[in-house]
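K.L.:
Sharing a structure, written as structure tokens. Questions coming.
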Amino acid sequence: MNTPCSICPQQTRCVQPHGPKPTKYFAIGEAPGSDEDIHGIPFIGQTGQEWDHTYLPLAGLSRGEIFVTNTRQCRPPQNRKPSAKEIEICGQHHLPQELEEVNPDIVFLMGATACSLVPEIDLEIEHGIPRRGVLFGEEYWLIPMYHPALGLHETSSMI
């Protein structure tokens, strides 16, 4: 169920995170798309299907093993990329608590927006390379990666 956001200036609906707690794997995307906004579950649209049926099996994982959330939990107007201020406000509001509740070993930072949470990450150089890093004051194995939506548009980028 989508509920109004208590911190967003637009007072839009939130797409709540989804997945097991605790679990080893935690994935952070950018923001909900239209399917996610309608159904209230992150990564269920075309990009989520690409992730579920292509990338997760290649990694030997299934969706049921992963807690999934977004940097911004409500859909930005015109589906635009979240601003730095929106990333800071929304991410700081919910991500530290989600990470604490899930207690993951590995955090997938899916796309430039999620990677911006760890300023020293250079996504173009570090795509797919696990590294130790600090996220909201705690150390995790981080895996910076291109957003799965990129594979729908530029297949060669996701190989």
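The values are calculated or read from the model by the stated rules, or taken from the named source; none is laboratory data. Please read these numbers as outputs of a predicted model, since none were measured by experiment. All Cβ positions, glycine included, derive from the backbone under ideal geometry; neighbour counts span all protein chains shown. All accessible areas refer to the heavy atoms of the entire protein, side chains included, with ligands and DNA or RNA removed. Shrake-Rupley method; radii C 1.70, N 1.55, O 1.52, S 1.80 Å.
K.L.:
From the list Leu61, Leu142, which residue is in contact with a Gly (Cβ under 8 Å, 6 or more places away or on another chain), among the hydrophobic types (A, V, I, L, M, F, W, C), outside any helix (DSSP H, G or I) and open to solvent by less than 60 Å² (accessible area, probe 1.4 Å)?
P.N.:
Working: Leu61 fails: in contact with a Gly (Cβ under 8 Å, 6 or more places away or on another chain).
None of the other options fit; the residue is Leu142.
K.L.:
Now for a separate question. Looking at Ile38, Ile44, which is the one that is assigned to a loop (DSSP other than H, G, I, E, B) and either modelled with pLDDT under 95 or over 19 Å from Gly133 (Cβ atoms) (or both)?
P.N.:
Answer to the selection: Ile44.
K.L.:
Let me ask another. I'm checking my understanding of the structure. Among residues of segment 109-123 that are open to solvent by 30 Å² or more (accessible area, probe 1.4 Å) and in contact with a Phe, Trp or Tyr (Cβ under 9 Å, 6 or more places away or on another chain), which one is nearest to Pro17 (Cα to Cα)?
P.N.:
Among residues in segment 109-123 that are open to solvent by 30 Å² or more (accessible area, probe 1.4 Å) and in contact with a Phe, Trp or Tyr (Cβ under 9 Å, 6 or more places away or on another chain), the one nearest to Pro17 (Cα to Cα) is Leu117.
A quick yes/no check of all residues on (1) modelled with pLDDT under 95; (2) of a type in the set (Asp, Glu); (3) more than 16 Å from Leu142 (Cβ to Cβ):
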residue	(1), (2), (3)
Trp51	yes, no, yes
Ile89	yes, no, yes
Glu100	no, yes, yes
Asp122	no, yes, no
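K.L.:
Continuing with the same structure: Which residue pairs have Cβ atoms closer than 6 Å, lie 6 or more positions apart in sequence or on different chains, and pair a first residue in segment 31-55 that is closer than 18 Å to Gln73 by Cα with a second residue that is open to solvent by less than 30 Å² (accessible area, probe 1.4 Å) and among the β-branched types (Val, Ile, Thr)?
P.N.:
Filtered contacts from segment 31-55: Pro32/Val15; Glu36/Val15; Gly40/Val15; Pro42/Val15; Pro42/Val68; Phe43/Val68.
K.L.:
Do you know which of the residues in segment 64-81 that are in a loop (DSSP other than H, G, I, E, B) and touching a Gly at 6+ places or on another chain (Cβ under 8 Å) is most open to solvent (accessible area, probe 1.4 Å)?
P.N.:
Step by step, filter segment 64-81, then rank; the result is Arg75.
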